[in-house]
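A.B. asks: Before I ask anything, here is the structure I am working with.
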Amino acid sequence: MISEQEILNASILIVDDQPSNVHLLEEMLSDAGYACIASTNDPYAVYALHQKNRYELILLDMQMPGMDGFQVMESLKQIETDGYLPVLVITAQPGHKLRALAAGAKDFVSKPFDLVEIQTRIHNMLEVRLLYKKLGNYNKMLEQEVQERTAELHASEARFRRLTELCSDWYWEQDKNGHFTMIYGPVLEMLGIRVNDTLGKTTEDQGACWNEAERELLEANLAARRPFLDFVYSRTKADGARQYLMVSGEPMFDLSGRFTGYRGIGKDVTESMCANKELSAD
């Protein structure tokens, strides 16, 4: 909400070639409690004044010599690029009212002035203007916050990927049907696995033979949606060499508690497993 004090502290510019009209409006605004009032009798000066001060409201007479109110509004559009002209038109010509609104003015008052009417219109227009600016500032802050949060998420993802690379050979995610949706790392090349890009299904090279008991235990964990840590299983490759893999995984659930898939990390531990077996044999 906009407080009454914010409205009374709003900056106002009076533009009229008649000094008597300017004086009347200045007195009326001062008596109502407005504190930031400026004026000019020169329509050619309005552009520079508004560019410097960005008034919350411009009370603009339409009939002025040399440069009329419509031309002044056209010049102000170069400053107010968002399309909002904070202009309240003052005119004695009925035909100018609709034309002024079509040109971008937000409201109008007729000459001779009805002081109660003009005070009401000024107050209401300033309240709307200040709300408009406050909303714009809020949207900018929100946009900046979104950008900052997006940058943080990108940085967090980069750190996560780096940590995953340091502590494991790959990171993986599966959907609720067991299809791979994300893989970081060279696991596919290491195992000779091809993933169907459309379905996420895997196809292995011919000749590799997994330890079925170990695979069944791993698949039982997945089917039961149980987390598992440092689970080691093995396979015999096409060249007869033994390969050992260690994987950890956890089930994923959405906010309603519905299972959405698995995520985890994996590592080729063939070298360490073979070294342990040699030590045990000794």
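The values are calculated or read from the model by the stated rules, or taken from the named source; none is laboratory data. Just so it is clear, the structure is predicted and the values come from calculations on it, not from any experiment. Reconstructed Cβ throughout: ideal geometry from the backbone, glycine too, with neighbour counts over all protein chains shown.
A.B. asks: Check Glu148 against each of (1) over 28 Å from Arg226 (Cβ atoms); (2) of a type in the set (Asp, Glu); (3) part of a helix (DSSP H, G or I); (4) at pLDDT below 75 and name the one condition it does not meet.
C.D. replies: (4)
A.B. asks: Answer yes or no as to whether Lys267 is surrounded by 14 or more Cβ atoms within 10 Å (Cβ to Cβ), modelled with pLDDT under 90 and over 49 Å from the mean Cα position of the chain (by Cα).
C.D. replies: So Lys267 does not fit the description; no.
A.B. asks: With the requirement that a residue be surrounded by 14 or more Cβ atoms within 10 Å (Cβ to Cβ), modelled with pLDDT of 60 or more and part of a helix (DSSP H, G or I), what does segment 158-193 give you?
C.D. replies: Val187, Leu188, Met190, Leu191
A.B. asks: Another question, if that's okay. For segment 228-245, how many residues are within 16 Å of Arg263 (Cβ to Cβ) and either surrounded by 11 or more Cβ atoms within 10 Å (Cβ to Cβ) or not assigned by TED's automatic domain parsing to the domain that holds Gln174 (or both)? Even if it seems obvious, please write down each step before you answer.
C.D. replies: Let us first name the residues in segment 228-245 that are within 16 Å of Arg263 (Cβ to Cβ), namely 228-231.
Okay, now just the ones that are also either surrounded by 11 or more Cβ atoms within 10 Å (Cβ to Cβ) or not assigned by TED's automatic domain parsing to the domain that holds Gln174 (or both), so 228, 231.
Count: 2.
A.B. asks: Looking at Arg129, Arg99, which one is in contact with a strand residue (DSSP E or B) (Cβ under 9 Å, 6 or more places away or on another chain), among the basic types (Lys, Arg) and not in a strand (DSSP E or B)?
C.D. replies: Arg129
A.B. asks: Looking at segment 96-150, which of its residues are within 31 Å of the chain's Cα centre (by Cα), acidic (Asp, Glu) and within 14 Å of Leu59 (Cβ to Cβ)?
C.D. replies: Those that are within 31 Å of the chain's Cα centre (by Cα), acidic (Asp, Glu) and within 14 Å of Leu59 (Cβ to Cβ): none in segment 96-150.
A.B. asks: Still on this model: When the residues of segment 242-271 are filtered to those that are free of Cβ contacts under 8 Å to residues at least 24 places away in the same chain and outside any strand (DSSP E or B), which remaining residue is nearest to Trp170 (Cα to Cα)?
C.D. replies: So, considering only residues that are free of Cβ contacts under 8 Å to residues at least 24 places away in the same chain and outside any strand (DSSP E or B), the one nearest to Trp170 (Cα to Cα) is Glu271.
A.B. asks: Further question on the same structure: Take Thr120 and decide whether it is modelled with pLDDT under 85 and of a type in the set (Val, Ile, Thr).
C.D. replies: No; evaluated as a whole, the condition is false for this residue.
A.B. asks: So, of the residues in segment 63-91 that are touching a residue at least 24 places away in the same chain (Cβ under 8 Å) and β-branched (Val, Ile, Thr), which turns out to be nearest to Thr40 (Cα to Cα)?
C.D. replies: Per the criteria, the residue is Val72.
A.B. asks: Then there's this: Among the helices (runs of 4 or more DSSP H) lying completely within segment 4-93, list those that include at least 2 residues that are assigned by TED's automatic domain parsing to the domain that holds Phe108 and more than 42 Å from the chain's Cα centre (by Cα). Break it down stepwise before answering.
C.D. replies: On the way: elements: 4-8, 19-32, 46-53, 69-76.
Output list reads 19-32.
A.B. asks: Next up: I'm trying to understand the selection: among the residues of segment 36-70, which are over 12 Å from Leu13 (Cα atoms) and either surrounded by 15 or more Cβ atoms within 10 Å (Cβ to Cβ) or touching a Pro at 6+ places or on another chain (Cβ under 7 Å) (or both)?
C.D. replies: Met62, Gln63, Met64, Gly66, Met67, Asp68, Gly69, Phe70
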